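Enquirer: Questions regarding the structure given below will be posed in turn.
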Ligand SMILES: [Zn+2]
């Protein structure tokens, strides 16, 4: 390649990615989330790699089409890594703000890429996985898998693409059903609803993606790029008007009981106690704090901000009942 030195084509293997596979061949760049043992969920590191790969493909004149997919047959992508959420971000919610910044860059790298991006949906696309495929321009799906959102079931809000783009893609009523109730949408229904462009038997998935890519390559690149920019209008309106405060709201909400209960239920492999939280609020309690608001002060040692439901001081162990109440710092 003798293109300008500033944007010279680079060997895909030169990037040394760990969580993704990156391949450039016959004018098509393929970006594969390669964490099949974890249903191709992405970690913070995965997001960093995805951003670099998609950005490279966007600027490489030897690439005309980008294919985004997952390794193996079970999952396209299942969103963020719950282990990372539970281990890192519920403990340092303000770091989730940083993480969400990376996730936004990843989604925008697809949305703003100068190349047409095809989601090759080889397996379940759930949560951030469905949002990833929504960010792509076109989608081809294997006939034996499904899509869906999970936000309201797990203690989060699907505002990384789903709340913004589902109504544009499939209509307002269907979008609300997916977002409130989180049903699994099987491939045929996804096709009927316009969530994807093509559904094919699994054995034909690569053939169909290759056919589509070839058809896209047989159009003018500059006109294709600007057509994408034009059609992006509503997607960009919805995205940029909401994602900044989504980032702030999600990181703040990580300090509360909903994500805690959602993740504990996941880790303990039990059902989420949705009604427990509703009852807490309805009965006059706090549904934000696990053990109530920080309201006690210990009369013995002076420790402040001890949760309402604690009967003993967490600092010195003195009983709180009958001592200072309700005047916490
Ligand atoms: Zn004390």
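Each reported figure results from applying straightforward, stated rules to the coordinates on display, with no laboratory input. The structure presented is a predicted model; accordingly, all values stated were derived computationally and were not measured. Note that each Cβ is placed from the backbone with ideal geometry, even for glycine, and that neighbours are counted across all protein chains shown.
Enquirer: Treat the count of other C-beta atoms within 10 Å as a stand-in for reagent exposure and order 255, 224, 78 from fewest to most. Can you show the working numbers first?
Expert: Values: 255 14, 224 18, 78 25.
Arranged by neighbour count, lowest to highest, 255, 224, 78 become 255, 224, 78.
Enquirer: Work out how much length residue 55 to residue 105 would gain on full extension: take 0.36 nm times their residue separation and subtract the Cα-Cα distance, in nm to one decimal. Mind dumping the intermediate values first?
Expert: Values: separation 50, 0.36 × 50 = 18.00 nm, distance 1.01 nm.
Difference between extended and current length: 17.0 nm.
Enquirer: Separate question: Please compute the length gained on full extension between residue 220 and residue 255, using 0.36 nm multiplied by the number of residues separating them and subtracting their Cα-Cα distance. Let's see the in-between values first.
Expert: Working: separation 35, 0.36 × 35 = 12.60 nm, distance 4.95 nm.
Additional length available on full extension: 7.7 nm.
Enquirer: Using the number of other C-beta atoms within 10 angstrom as an exposure proxy, rank 212, 102 with the fewest first. Kindly include the intermediate steps, with their values, before the conclusion.
Expert: Numbers: 212 20, 102 17.
Going from least to most buried by this count: 102, 212.
Enquirer: Now a separate question. Would you mind classifying segment 3-253 by shape? Square roots of the alpha carbon gyration tensor eigenvalues, ordered a ≥ b ≥ c; an a/c under 1.5 is rounded, otherwise it is prolate if a/b is larger than b/c and oblate if not.
Expert: Details: a/c = 1.44, a/b = 1.22, b/c = 1.17.
Cα axes put segment 3-253 in the rounded bin.
Enquirer: Just to verify a number: FRET efficiency for residue 274 and residue 237, C-beta to C-beta distance, R0 = 41 Å, to 0.05? Provide the component values of the computation, followed by the final result.
Expert: Values: r = 33 Å, r/R0 = 0.81.
Efficiency for this residue pair is about 0.80.
Enquirer: Moving on. Can you tell me the length gained on complete extension of the stretch residue 23 to residue 97, counting 0.36 nm per residue apart and subtracting the Cα distance?
Expert: Details: separation 74, 0.36 × 74 = 26.64 nm, distance 3.10 nm.
So the extension gain works out to 23.5 nm.
Enquirer: For segment 1-149, rounded, prolate or oblate, judged on the Cα gyration tensor with a ≥ b ≥ c (square roots of eigenvalues), a/c < 1.5 rounded, else prolate if a/b > b/c?
Expert: Values: a/c = 1.93, a/b = 1.35, b/c = 1.43.
Verdict is oblate for segment 1-149.
Enquirer: Sorting 239, 27 on the 10 Å Cβ count, fewest up front, what's the list?
Expert: If I rank by nearby Cβ atoms, fewest first, I get 27, 239.
Enquirer: Here's a follow-up. How much mean residue ellipticity at 222 nm does the chain get from its helices, if each DSSP H run of length 4 or more adds -39500 (n - 2.57) and you divide by all residues, to the nearest 500 deg cm²/dmol? Mind dumping the intermediate values first?
Expert: On the way: 12 runs with 138 residues, N = 329.
Helices in the chain give a 222 nm mean residue ellipticity of -13000 deg cm²/dmol.
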